1. Full extension from Lys246 to Ser148: what is 0.36 nm times the residue separation minus their Cα-Cα distance, to one decimal in nm?
2. Among residues other than His192 whose Cβ falls under 13 Å from its Cβ, what is the net charge (Lys/Arg +1, Asp/Glu -1)?
3. Spin-label point model (7 Å from Cα, Cβ direction): what's the Leu129 to Ile38 distance in nm?
4. If R0 is 30 Å, what FRET efficiency do you get for Phe223 and Gln260 from their C-beta distance, rounded to 0.05?
5. Rounded to the nearest percent, how much of the accessible area of region 136-267 (1.4 Å probe, protein heavy atoms only) is carbon and sulfur?
6. Near the amide H of Gln7, under 5 Å away, which other amide H atoms are found, from residues 5 or more places off or on another chain, if H is placed in the peptide plane?
7. Excluding ligands, DNA and RNA, what is the solvent-accessible area per residue of region 92-265 at a probe of 1.4 Å, expressed in Å²?
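The values are calculated or read from the model by the stated rules, or taken from the named source; none is laboratory data. All of these numbers come straight from a predicted model, not from anything done at the bench. Positions of Cβ are backbone-derived with ideal geometry, glycine not excepted, and every protein chain shown enters the neighbour counts. When the accessible area is computed, the model is the full protein with side chains, heavy atoms only, and any ligands, DNA or RNA have been set aside. Shrake-Rupley method; radii C 1.70, N 1.55, O 1.52, S 1.80 Å.
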Amino acid sequence: MPKHTPQIPLATSREYAWQAHVNGTDAAEFHGDCTSPIDRALRGVGSPLLAALAQWKVDEDIDYADGYGLIGEFAPPNTRTVFVRVRCRKCEACLGYKRRLWTARAIYEVRQSMRTWFGTLTVGPERRLWAQMVADKRAVMARGESLSSLSSVERTRALAAVLAPEVTRWLKRVRKAARSDKLRYLLVTEAHSDGFPHFHLLLHERGQPVSKRTLEAKWLYGFSNWRLVPAGEIRQVGYVCKYIAKSAQTRVRASRHYGQSPIEYGQ
Ligand SMILES: [Zn+2]
């Protein structure tokens with residue numbers, strides 16, 4: 001069990017417990033088609049005010065039985081820990097799900113936008129050396145190991161961590177130059193065969209258009225390549241999203257609520 005059990009509303013935890021009870025399983029199942037799901041604990045916590053009001057009739061020997069309501073005429077306890085069965089995010093089925101999910105989100109964003117750019121940011125030789133030096137120094141400081149002694153996955157991740165702030169700065173410069181803070185993005189980090197990361201992006205114009213010249217000029221760490229996703233051509237969206245499912249290590253970064261309709265995030 002993790003050190004810290006995430007908290008959810010008490011009513012939700014009872015709902016999950018009831019679902020598990022009806023299905024005859026140990027945990028409420030949310031793992032879809034995952035072939036090696038994981039059980040996670042969630043602690044349902046009730047309102048402190050209601051708990052305080054019910055305090056006088058709480059009896060420590062009396063519990064709440066799922067499906068049967070209260071045992072006796074007493075108030076239920078204020079917490080209820082439940083188990084949920086969730087995706088491993090690593091198996092074939094989970095990677096396929098991740099790809100389908102992000103593809104659907106990207107298509108939604110394309111449809112909401114005036115235009116969409118598809119681009120790749122790569123890092124030139126000088127900046128590569130610099131990033132390797134910084135990542136090496138950090139690895140030595142943090143774990144007493146040189147960058148070259150890390151596994152290829154960890155090495156790519158360490159290098160991507162060094163480069164990520166520059167991608168953020170690049171996006172800020174582009175937004176400023178285009179006078180549009182409404183540019184939305186999907187960013188996928190992928191490793192070259194030598195393990196050095198590069199970035200694939202979808203950039204969605206919601207307000208002012210942005211030019212190819214601006215996109216290229218603001219990336220200072222190497223080469224970039226940009227083309228517009230032709231209207232009605234969503235195949236290129238699938239091309240970016242293909243990388244997402246390439247391995248369990250691939251990282252995805254995106255604008256807030258990327259591709260999520262108001263229903264999905266419940267706002
Ligand atoms: Zn899985």
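1. Working: separation 98, 0.36 × 98 = 35.28 nm, distance 2.34 nm.
Length difference between fully extended and current span is 32.9 nm.
2. Values: positive: Arg128, Arg155, Lys246; negative: Glu190, Asp194.
Net charge around His192: +1.
3. Each label point lies 7 Å from its Cα, and together they span 4.0 nm.
4. Values: r = 32 Å, r/R0 = 1.07.
With a Förster radius of 30 Å, E is 0.40.
5. Details: 3690 of 7330 Å².
Roughly 50 percent, rounded to a whole number.
6. Result for Gln7 returns Arg43.
7. Working: 9520 Å² over 174 residues.
Per-residue accessible area for region 92-265 comes out at 55 Å².
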